[in-house]
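Peer 1: Submitted below is the structure of interest, expressed as structure tokens.
The values are calculated or read from the model by the stated rules, or taken from the named source; none is laboratory data. Bear in mind that the values here come from a model prediction, so they are computed numbers and not experimental data. Please note: Cβ atoms are built from the backbone with ideal geometry, for glycine as well, and neighbour counts cover all protein chains shown. The accessibility values were calculated without ligands, DNA or RNA, using every heavy atom of the protein model including side chains. Shrake-Rupley method; radii C 1.70, N 1.55, O 1.52, S 1.80 Å.
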Amino acid sequence: MYSNIRFFLIVLFISTTTFAQETHSEETEIEENGHKVGNVIIGAYFPIAFGDNFVNNGMDLKGGGKIALKVNTYKTFFVGPYLSFFKGSVTDQVSLGNYESTTNILIGGVVGYDFYISNFDVSIGAGVGYSVYANRGLGDKFNDTATALWFSPEVSYRLNTYLGIFMAPELRHDFMNIDVPSELEDSFGGVNYFNISFGLRINLGSGYKFQ
């Protein structure tokens with residue numbers, strides 16, 4: 001019985017000492033190297049639809065905007081909210097219906113990882129979100145919805161410790177929720193996009209000073 005208690009105390013002491021050392025090392029690392037909270041990107045967003053779908057076949061797309069907050073979770077991995085929007089005008093009402101324009105708003109979240117090369121921050125991310133097409137015509141308003149998936153690498157050049165400029169291509173697919181006859185499902189079932197965005201990146205946290 002005594003030997004068991006002694007063994008337990010020895011294990012507890014070793015575990016406590018190890019934990020204290022690890023905690024001290026983490027605190028020392030933060031004190032010496034700072035802490036990278038994450039970053040915010042905000043900029044212009046230019047959608048390019050492609051393939052056989054109702055957007056590419058019957059709309060003229062306009063530019064919009066994009067904003068995302070990427071919070072560092074474990075080392076170089078990040079997660080955060082994402083928002084983008086753009087507008088489009090209908091060029092083929094015979095095929096699309098009796099409305100004149102649409103505004104697309106996408107709200108979702110991104111995950112990925114980033115790394116640092118010289119004066120460049122590079123990240124690779126993927127996301128999922130809820131996409132709404134707010135359609136407008138003469139005396140008529142209705143929404144179409146979709147589930148959006150996208151993949152986006154990003155390159156940012158640092159102007160200083162906390163501010164940079166970024167450029168990010170984005171490959172995106174919207175899985176549309178539109179009830180149409182079976183012969184139109186190929187056109188209205190989904191939309192493919194290759195999007196380009198660029199703008200400002202704001203780094204959050206003192207850790208970026210030590211890179």
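Peer 1: What nm distance separates the two modelled labels at Asn119 and Ile178, each placed 7 Å from Cα along Cα→Cβ?
Peer 2: Between Asn119 and Ile178, the simple spin-label model gives 4.6 nm.
Peer 1: So, one more: From the phi angles alone, apply the Karplus equation (6.51, -1.76, 1.60; θ = phi - 60°) to region 41-46 and give each ³J(HN,Hα) in whole Hz, x where the residue is Gly or Pro.
Peer 2: Karplus-based 3J(HN,Hα) across region 41-46 equals 10, 8, x, 7, 9, 10 Hz.
Peer 1: From the residues Met176, Thr145, Gly164, which one has its Cα farthest along the dipole of region 102-182 in the positive direction, the dipole being from +1 and -1 charges on Cβ of Lys/Arg and Asp/Glu about the Cα centre?
Peer 2: After comparing all options, I get Gly164.
Peer 1: Same structure, new question: What's the extension gain from Leu171 to Asp52 if we count 0.36 nm per residue and subtract their Cα-Cα distance?
Peer 2: Fully extending the segment from Leu171 to Asp52 adds 41.2 nm.
Peer 1: Continuing with the same structure: Over its Cα atoms, what ratio of radius of gyration to 2.2 N^0.38 Å does region 62-211 give?
Peer 2: 1.24
Peer 1: Still on this structure: Want the number for Ile196 to Val71: 0.36 nm per residue separation, take away the alpha-carbon distance, what's left? It would help to have the intermediate numbers written out before the result.
Peer 2: Details: separation 125, 0.36 × 125 = 45.00 nm, distance 2.22 nm.
My answer for the length gained is 42.8 nm.
Peer 1: With Cβ to Cβ distances under 14 Å as the rule, what net charge do the other residues near Ile117 carry (K, R +1; D, E -1)?
Peer 2: -2
Peer 1: Provide the solvent-accessible area of Ile105, counting protein heavy atoms only and rolling a 1.4 Å probe, rounded to the nearest 10 Å².
Peer 2: Taking all protein chains as shown, Ile105 has close to 70 Å².
Peer 1: Let me spell out the model: positive unit charges on the Cβ of Lys and Arg, negative unit charges on the Cβ of Asp and Glu, origin at the Cα centre of region 76-211. What dipole size does that give, in debye rounded to 20?
Peer 2: In total the dipole reaches around 800 debye.
Peer 1: Could I ask something else about it? If R0 is 35 Å, what FRET efficiency do you get for Ser101 and Phe151 from their C-beta distance, rounded to 0.05?
Peer 2: Working: r = 28 Å, r/R0 = 0.80.
Calculated transfer efficiency: 0.80.
Peer 1: Would you work out what percent of the accessible area of region 99-162, with all protein chains in place, is carbon or sulfur (probe 1.4 Å)?
Peer 2: 65
Peer 1: With Cβ to Cβ distances under 13 Å as the rule, what net charge do the other residues near Met167 carry (K, R +1; D, E -1)? Working shown, then result.
Peer 2: Values: positive: Lys66, Arg201; negative: Asp121, Glu154, Glu170.
Net local charge, Met167 excluded: -1.
Peer 1: Moving to a separate point now. Taking 0.36 nm per intervening residue step and subtracting the Cα-Cα distance, what contour gain separates Val40 from Leu138 on full extension?
Peer 2: 31.4 nm
Peer 1: Let me cross-check Phe50: its accessible surface, 1.4 Å probe, with only protein heavy atoms counted, in Å² to the nearest 10?
Peer 2: 90
Peer 1: Shifting gears a bit: Go through Lys66, Lys75 and list them by solvent-accessible area, largest first, probe radius 1.4 Å.
Peer 2: Lys75, Lys66
Peer 1: Using modelled amide H (1.01 Å from N, peptide plane; none on Pro or chain starts), what sits under 5 Å from the amide H of Gly137, excluding residues fewer than 5 places away?
Peer 2: The answer is Glu100.
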